[in-house]
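K.L.:
Sharing a structure with you now.
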Amino acid sequence: MIKEFEVLTKERYELINITNKVERIVRESKVRDGLCFVFAPHSTAGIVLTEDESGLKNDWLAVLKKMVSGFDFFHNRIDNNADSHILSGLIGQEKTLVIENNKLIRGTWQNIFLIEFDGPRTRKVIVKT
Ligand code: ZN
């Protein structure tokens with residue numbers, strides 16, 4: 001089964017918890033045991049597993065912004081978002097989780113986030129089970 005949903009982002013850089021939406025799709029898929037592939041079909045956003053804590057979310061964004069600061073990016077001559085493309089590629093645009101008894105196996109603090117690097121935008125998330 002393949003399903004998708006939209007996420008409206010509000011900031012240029014932002015972490016948005018999509019765990020509930022992905023888990024609902026897994027439940028509705030009726031898949032007992034298998035894999036859940038979560039994919040953002042975008043080159044300026046990513047998917048990350050991390051704790052949903054406001055300080056940590058700010059920490060993520062501070063580290064990522066610093067990683068791409070101080071460069072004179074060639075891409076910015078035609079489109080002002082080289083930082084967004086590079087972070088998207090580094091973070092990755094997909095994650096695969098295991099489904100057991102129709103539930104995702106994940107650690108207590110492992111939430112699934114869409115990470116926006118070039119918002120605000122309407123983003124798509126594709127979930128394949
Ligand atoms: Zn671009």
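K.L.:
List pairs: first residue in region 71-99 and under 26 Å from G34 (Cα atoms), second residue open to solvent by 60 Å² or more (accessible area, probe 1.4 Å) and near the ligand (Cβ under 10 Å from one of its atoms) anywhere in the structure, Cβ distance under 7 angstrom, at least six positions apart or on different chains.
P.N.:
none
K.L.:
Here is a follow-up. Output the residue which, of all residues in region 77-109 that are surrounded by fewer than 16 Cβ atoms within 10 Å (Cβ to Cβ), under 16 Å from L49 (Cβ atoms) and within 13 Å of the chain's Cα centre (by Cα), is farthest from the ligand (Cβ to nearest atom).
P.N.:
Filtering region 77-109 for residues that are surrounded by fewer than 16 Cβ atoms within 10 Å (Cβ to Cβ), under 16 Å from L49 (Cβ atoms) and within 13 Å of the chain's Cα centre (by Cα), the one farthest from the ligand (Cβ to nearest atom) comes out as T96.
K.L.:
Looking for something of a type in the set (D, E, K, R), at pLDDT 95 or above and within 16 Å of the ligand (Cβ to nearest atom) - is there at least one such residue anywhere in region 60-67? Steps first, answer last, please.
P.N.:
Within region 60-67, the subset of a type in the set (D, E, K, R) is 65-66.
From what's left, at pLDDT 95 or above: 65-66.
After this cut, where a residue has to be within 16 Å of the ligand (Cβ to nearest atom) as well, the list is none.
Taking every residue of region 60-67 in turn, none turns out to be of a type in the set (D, E, K, R), at pLDDT 95 or above and within 16 Å of the ligand (Cβ to nearest atom).
K.L.:
With of a type in the set (D, E, K, R), within 22 Å of F5 (Cα to Cα), within 16 Å of the ligand (Cβ to nearest atom) and outside any helix (DSSP H, G or I) as the only criterion, which of D52, D118 stands out?
P.N.:
D118
K.L.:
Also, quick follow-up: Among the listed residues K66, K30, K10, identify the single one that is among the basic types (K, R), closer than 19 Å to R121 by Cα and loosely packed, with under 12 Cβ neighbours inside 10 Å. So that I can check it myself, show each step before the final result.
P.N.:
On the way: K66 fails: closer than 19 Å to R121 by Cα; K30 fails: closer than 19 Å to R121 by Cα.
Result of the check over K66, K30, K10: K10.
The values are calculated or read from the model by the stated rules, or taken from the named source; none is laboratory data. Here the structure is a predicted model, which is why all the values come from computation and not from measurement. Counting neighbours? That spans all protein chains shown, and the Cβs are built from the backbone with ideal geometry, glycine included. Protein only, heavy atoms only, side chains kept; ligands, DNA and RNA dropped before computing areas. Shrake-Rupley method; radii C 1.70, N 1.55, O 1.52, S 1.80 Å.
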